[in-house]
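Take a look at the structure below.
The values are calculated or read from the model by the stated rules, or taken from the named source; none is laboratory data. The model shown is predicted, which means the values in this text are computed figures rather than measured ones. Cβ atoms come from the backbone with ideal geometry, glycine included; neighbour counts cover every protein chain shown. Ligands, DNA and RNA are excluded from the accessible area calculation, which covers all protein heavy atoms including side chains. Shrake-Rupley method; radii C 1.70, N 1.55, O 1.52, S 1.80 Å.
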Amino acid sequence: MSAPAWKVCRTLLRRSLPLAGAYWAILYLVWAVVIGLIARFGTVEASMWQNMGLQAPRWFTFVFGVTALGAYLPMFVAQGVTRRDALIGSWGFLLPYAVGFAAVTTVGFGVEYLTFDAFGLLGGLTEPYPVGSAGEVAALWLEYGLVNVGYTAAGALCAIAYHVLNPWWATLLLPLTLLPAFVVELAFRTEWTGVAFGRLLGLGDEAHLGTGTLAALAALAVASAVTWALVRRLPIKKITG
């Protein structure tokens, strides 16, 4: 990574870390309050983290993709950074962020399991806890990481499309620019969205991890190529004065 690309990456990281920290602190706090209230007034019968901690982080990474390419990339280009370095620096920030979000999501299951075990709540579950081995933890992290990257790619694609295309065209193309997120969800048959699409297409509810990974990587490669093609059309408007 060149010096200008690293500067882009570092700037994005510095400006986003406080927001990400506040987001996760609030999410964990809400989870703890919900668990406490249910345990106090009823019975905890299922993983609350599985219901609360999966969908929201994906859309948060989508927002990061929109922000990085929609707000910051044109600004960096206007300040003299090449389009290529600006895009490399942006992805140098976005990829670790998406994977990091997946790691924090996966850790949430460990925190919840230990909490359930410490307070004797495991016995009240109506079905086995979603994560039961190190292999399942690794598989979940891989799945969540690729799904997050899919949402990030969709956000980046949406943002750059609005910058270089007519707004009406960009709006009409939203089903296509959002496609990376939904393809990756479908590839892993994720909760709600992926399973719903799988049933709609007659593909069933289960997905093989290897097949899902290959499908996700292919979709992300296409999305990255299209994003670069659009970034190359980004007009250079230098900041003067």
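What to note about this one:
- Taking 155, 204, 70 as the candidate residues, the one with maximal mean-square fluctuation in a Gaussian network model of the chain, Cα springs under 10 Å, is 204.
- Between residue 37 and residue 222, the distance separating the two model label sites (each 7 Å from Cα on the Cα→Cβ line) works out to 4.3 nm.
- What you get for the chain, charging only the Cβ of Lys and Arg (+1) and of Asp and Glu (-1), is a dipole of about 1520 debye around the Cα centre.
- When the chain is treated as a GNM with alpha-carbon contacts under 10 Å, the residue of 95, 203, 178 showing the greatest mean-square fluctuation is 203.
- Backbone N within region 63-103 under 16 Å of label point (7 Å from residue 17 Cα along the Cβ vector): 93-94, 96-98, 100-101
- What you get for region 1-100, charging only the Cβ of Lys and Arg (+1) and of Asp and Glu (-1), is a dipole of about 340 debye around the Cα centre.
- In degrees, nearest ten, helix 179-188 long axis to first principal axis of the chain (Cα): 30
- Based on protein heavy atoms only, region 56-120 ends up with 39 Å² per residue of surface accessible to a 1.4 Å probe.
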